[in-house]
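Accompanying notes for the structure given below.
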Amino acid sequence: MLAFAPPQVTVTPVVNKFVATPAQGQTINFVDYGPPSTGLQGLRAAQPPLVNGQLSVPGITFESNTIGNNVQFVQNVLGVANGINDDGAAWEYADGSQWQSRNVGTKPNTSFPYLDSKSGKYYPSVPTINNDGSLTLKAEDSPGTGYPDHADEIRTIDYEEYFKIWLVATFSDGTVYGVAHINWEVNFFATVNTPGKGVTYISTVSGITAHGMVKEHEDPETTDPPLTNVSIGWQFG
């Protein structure tokens, strides 16, 4: 009698919930929150109160609930639109400055999309097994602009960054399978140079926009390095 190994069964998780929720109120703030606040350290999608001198409330949170515990988040950065609000560069210096405007761009030999993670392919999350056996994943993000040299002479910060966070099923051989995704973007727009302080006014068009869940059984744009934080840099506009 011949013996056959039973086929491996892969189960696609059932998605009960997958949402991205921007913080309420003003989601874009000065990193140098003050008082007095300045634009010398750029902008960040986060809110007070300050904890150890840092904005402590994340700009956006993510939450999923699934039947089936073999899930993780994967986040990709899809691209950047420089000068989206004012038809200029991402960073423009004040009139009379000797410095050249700059854009957010990709570093040599890299291109969008990028994997957005601290390390590895999965976006950091906190799992909880619920009493009904379902799994809840929670995560957060607070993108920031950083700042170029001579930030005290900047008169405009102006660009939008585009993200896609995936809920993926994971398997023991290391493969992942897309279950659903959410697109979201953050718009950074600050103006009005004050000598010694850089930009000092955050426009009301600044903020985070999150779209609804799309159930789609496709692979994420990328699950491989390079990571976003080592791939994007300032380029002359």
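Values quoted throughout were computed directly from the atomic coordinates according to the rules given, and no laboratory measurement underlies them. Everything quoted here is computed from the prediction, not taken from an experiment. When we count neighbours, we look across all protein chains shown, and the Cβ atoms used for this are built from the backbone with ideal geometry, even at glycine.
The modelled label-to-label distance for the pair D132/V192, using points 7 Å beyond Cα in the direction of Cβ, is 4.9 nm.
Cβ-Cβ distance of V14 and N229, R₀ of 35 Å, FRET efficiency by 1/(1 + (r/R0)^6): the value works out to about 0.55. In this simple spin-label approximation, S119 and S37 carry label points 7 Å from Cα along the Cα→Cβ vector, and these lie 3.4 nm apart.
Charge dipole of region 15-236 (Cα centre as origin; +1 on each Lys and Arg Cβ, -1 on each Asp and Glu Cβ, all else neutral): 420 debye, rounded to the nearest 20.
Only one residue of N69, P225, A139 has its Cα farthest out toward the positive end of the dipole of the chain, where Lys and Arg carry +1 and Asp and Glu -1 on Cβ, and that residue is N69. Measuring nothing but how far apart in sequence close Cα pairs (under 8 Å, 6+ apart) lie, relative to its length, the chain scores a relative contact order of 26 percent.
Considering every Cα-Cα pair within region 15-236, what fraction, in whole percent, is farther apart than 24 Å?
Numbers: 11349 of 24531 pairs.
Here the tail beyond 24 Å accounts for 46 percent of pairs.
Put a dot 7 Å past the Cα of D173, heading toward its Cβ, do the same for A81, and the two dots end up 4.0 nm apart.
From most to least packed by mean Cβ count within 10 Å, the peptides 66-74, 161-169 give 161-169, 66-74.
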